[in-house]
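*Asks:* Here it is, the structure in full.
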Amino acid sequence: MADPLPKTLSLNVGNLMADRLGGEYGVAPEAIERWQPRAEAALKAVQTTRGQGWLGWMDLPTQPDSLLDDIEETVRTIRDRYDAFVLLGIGGSALGPICVNEALHPLRYNELPRSKRGGPRMYFEDNIDPERMAALRDVVDFNDACFNVITKSGGTAETMSQYLIVRDALAHKPRWQDQMIATTSGTKGLLLDIARIEGLKTFTIPDGVGGRFSELCPVGLLAAAVGGADIRALLKGAADMDARCAIPDLWKNPALLEAVLMGIASAEMGRNIHVMMPYADSLRLVADWFVQLWAESLGKRESRAGSIVNAGQTPVKALGVTDQHSQLQLYSEGPFDKVVTMIKVESFRDETLIPAAPDSYPDDVKFLGGLTHGRLIEAERFGTEYALTSALRMNQTITLPEVNEYTLGQLLYFFEMTTAYMGELLDVDAFNQPGVEASKIATYAKLGHPSGKYAAARAELAAAPEEKARYII
Ligand code: PA5
């Protein structure tokens, strides 16, 4: 019988190296040797404390069958009963589900007839644009939808505001609670309290699993399974990548090698921008997910000991081929401050043959006839790689044999492990986000939140002189 889990992800870092780009533009072997002791320390720090503290997400690839059974059981009802599944969440409580959904579904999934979808249409509400709820209600009958409200902290204003709107819309029904699933901490938080008051079905985000590392817990697994994904294969992919990323040999451990190379590129070579450029529409939102993971985890003012480091490589999302016609000019001729990571898919789930053009057409169009879009997109990705390398720009390629649950599980877990190692190498706490607190506090103070927690900020805002519109013309 054929292997049901096709092949593994590979990482080609050749175009980051000095032997390809020259000493000034690529990573020299001596630099890697210099970083070797740090890499060993990073590996040890992560692997000896795996599962503990904020490394709780490292246990996710091997979650108990009982949890997966519960998810699958719940999902059977959702898939049978509802026309739409709506996820309410933001940041780490939305980006993982959004990217997995996009990766594993046919590209026009929601527009397919029910018979082809086999499950509900999927909506991910991760913003509070005032037009958005109305737009959702234009296309989703709330009476025929299942809602999954997700917040780890339990009190995120954006998410809880959406919850209140949906609750209000459903409250006329005697058992509206059957349509609402809460995914939150198992021990504390406002959503947990509310779920208990209302008697909602809940799924738990384990302690030690931060938002942006939560895709492989019920945050992402429920939505993935509602969409028909094989969540066990997703976890198997992550588990297999976990094993690879624990190998002590730097050259066999993809996440550790990647972290070392990005550490050198950013800390020693000024490559402070990291462009993530999948060459597949299905992986477009993997770039969005990566952007949050990389930015929120590694963009830190202080080292763990408290010195000012202002660390972090700025992640940028791009899409091949589309952004060749938008961003590539900058990447090949602008400042030498970037690493471009391309994600290549070897075999697409569908193929499009380009038909022969009429004989009377110009040769420059006729040559396309008989090619496929698969060949064309890979030739274009190759062209980008070639052009960037010729222009001495650091670039690398991650290859997925195909996009499926198993390879996606590997890919996401690879990025998570790379981030954890990178945090160690940069000596920053990859699992907090103090930089977003100030904005949250100012928001709540501005809204007059009654808690004493915001009293100082309220007073500060009240005392601030009114902004003069000096620069508005
Ligand atoms: O990665 C993180 O921790 C954040 O992006 C959170 O996921 C985001 O702020 C939403 O938080 P919560 O799940 O508590 O609503």
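*Asks:* How large is the convex hull of the C-alpha atoms of segment 154-262 per residue, in Å³?
*Replies:* Dividing the Cα hull volume of segment 154-262 by its residues yields 137 Å³.
*Asks:* Give me the number: length gained by fully extending Leu447 to Leu112, i.e. 0.36 nm times residue separation minus the C-alpha to C-alpha distance, one decimal in nm. Walk me through the numbers before you get to the answer.
*Replies:* On the way: separation 335, 0.36 × 335 = 120.60 nm, distance 4.21 nm.
Residue separation times 0.36 nm, minus the Cα-Cα distance, leaves 116.4 nm.
*Asks:* Just add up the charged neighbours of Leu234: K/R +1, D/E -1, any other residue whose Cβ is under 12 Å from the Cβ of Leu234.
*Replies:* Here the charged neighbours net out to -2.
*Asks:* So which chymotrypsin sites (Phe, Trp or Tyr not before Pro) in segment 94-170 end up in coil per DSSP with only 15 or fewer other C-beta atoms within 10 Å?
*Replies:* Filter output for segment 94-170: empty list.
*Asks:* Okay, next question. Using 20 Å bins from zero, what percent of all Cα-Cα pairs in the chain falls into each bin?
*Replies:* For the chain, the pair-distance distribution reads 22, 52, 24, 1.
*Asks:* Separate question: Round to a whole number: what % of the accessible area of the chain belongs to carbon and sulfur, probe 1.4 Å? Don't jump to the answer; show the numbers that get you there.
*Replies:* Values: 11990 of 22200 Å².
So the carbon and sulfur contribution to the accessible surface is 54 percent.
*Asks:* Right, here's the next one. Starting from the 7 Å offset along Cα-to-Cβ, what nm value, one decimal, do you get for the label separation of Leu190 and Asp359?
*Replies:* Distance between label points: 7.4 nm.
*Asks:* Could you give me D for segment 287-357, from Stokes-Einstein at 4 °C and 1.567 mPa s, where the hydrodynamic radius is the Kirkwood radius over C-alpha pairs? Units µm² s⁻¹, please.
*Replies:* Roughly 84 µm²/s, to the nearest whole number.
*Asks:* If the reach is capped at under 27 angstrom between alpha carbons, list the lysines near Lys344, excluding any in the same chain fewer than eight residues apart.
*Replies:* Output for Lys344: Lys7, Lys236, Lys252, Lys317, Lys366.
*Asks:* I'd like to know which of Leu400, Ala239, Ser297 lies farthest towards the positive end of the charge dipole of the chain, counting +1 on Cβ of Lys and Arg and -1 on Cβ of Asp and Glu.
*Replies:* Ser297
*Asks:* What order do His105, His172 take when sorted by accessible area (1.4 Å probe), most exposed first? Walk me through the numbers before you get to the answer.
*Replies:* On the way: His105 15, His172 130 Å².
Result, largest first: His172, His105.
*Asks:* While we're on this one: Rounded to whole Å, give me the distance from the Cα center of segment 281-359 to that of segment 218-243.
*Replies:* 23
*Asks:* Here's a follow-up. Under a point spin-label approximation (7 Å from Cα along Cα-to-Cβ), what is the Thr8-Ser326 distance to one decimal in nm?
*Replies:* Between Thr8 and Ser326, the simple spin-label model gives 3.5 nm.
*Asks:* Using mean Cβ contacts within 10 Å as the protection proxy, how do 234-240, 383-389, 304-310, 81-87 order, highest first?
*Replies:* Ranking, from highest mean packing down: 234-240, 81-87, 383-389, 304-310.
*Asks:* To the nearest 10 square angstrom, what accessible area does Glu437 show with a 1.4 Å probe?
*Replies:* Accessible area of Glu437: about 80 Å².
*Asks:* If you don't mind, there's one more thing I want to ask. Ordering Asp178, Asp144 from largest to smallest accessible area (1.4 angstrom probe), what's the sequence?
*Replies:* Numbers: Asp178 80, Asp144 55 Å².
Solvent-accessible surface, decreasing: Asp178, Asp144.
*Asks:* For the chain, what does the helix formula give at 222 nm: sum of -39500 (n - 2.57) over DSSP H segments with n ≥ 4, over the residue count, nearest 500 deg cm²/dmol?
*Replies:* Result for the chain, helices only: -13500 deg cm²/dmol.
*Asks:* Additional query: Roughly how many nanometres apart are two label points built 7 Å out from the Cα toward the Cβ at Asn310 and Ala438?
*Replies:* If labels sit at Asn310 and Ala438, their model points lie 1.3 nm apart.
*Asks:* Suppose we take every Cα in segment 57-229 and form the convex hull; what volume per residue is that in Å³?
*Replies:* Numbers: hull volume 19.2 nm³, N = 173.
Value for segment 57-229: 111 Å³ per residue.
*Asks:* Under a 1.4 Å probe, what is the accessible area of the chain per residue, stated in Å²?
*Replies:* Values: 22200 Å² over 473 residues.
Computed with neighbouring chains in place, this is 47 Å² per residue.
*Asks:* A follow-up question, please. Given a 1.4 Å probe and heavy atoms of the protein chains only, how would you sort Phe367, Phe290, largest accessible area at the top?
*Replies:* Greatest to least solvent exposure: Phe367, Phe290.
*Asks:* For the chain, what does the relative contact order come out to in percent, with C-alpha contacts under 8 Å and a separation of six or more?
*Replies:* 21
*Asks:* Okay, next question. How big is the antiparallel share of DSSP beta bridges in the chain, given as a percent to the nearest 5? Can you show the working numbers first?
*Replies:* Details: 6 of 44 bridges.
Taking every DSSP beta bridge within the chain, about 15 percent pair in antiparallel fashion.
The values are calculated or read from the model by the stated rules, or taken from the named source; none is laboratory data. In this text the structure is predicted, and so the values were computed from the model without any measurement. A quick note on method: Cβ atoms are made from the backbone with ideal geometry, for glycine too, and the neighbour counts reach across all protein chains shown. With ligands, DNA and RNA removed, areas are computed over all heavy atoms of the protein, side chains included. Shrake-Rupley method; radii C 1.70, N 1.55, O 1.52, S 1.80 Å.
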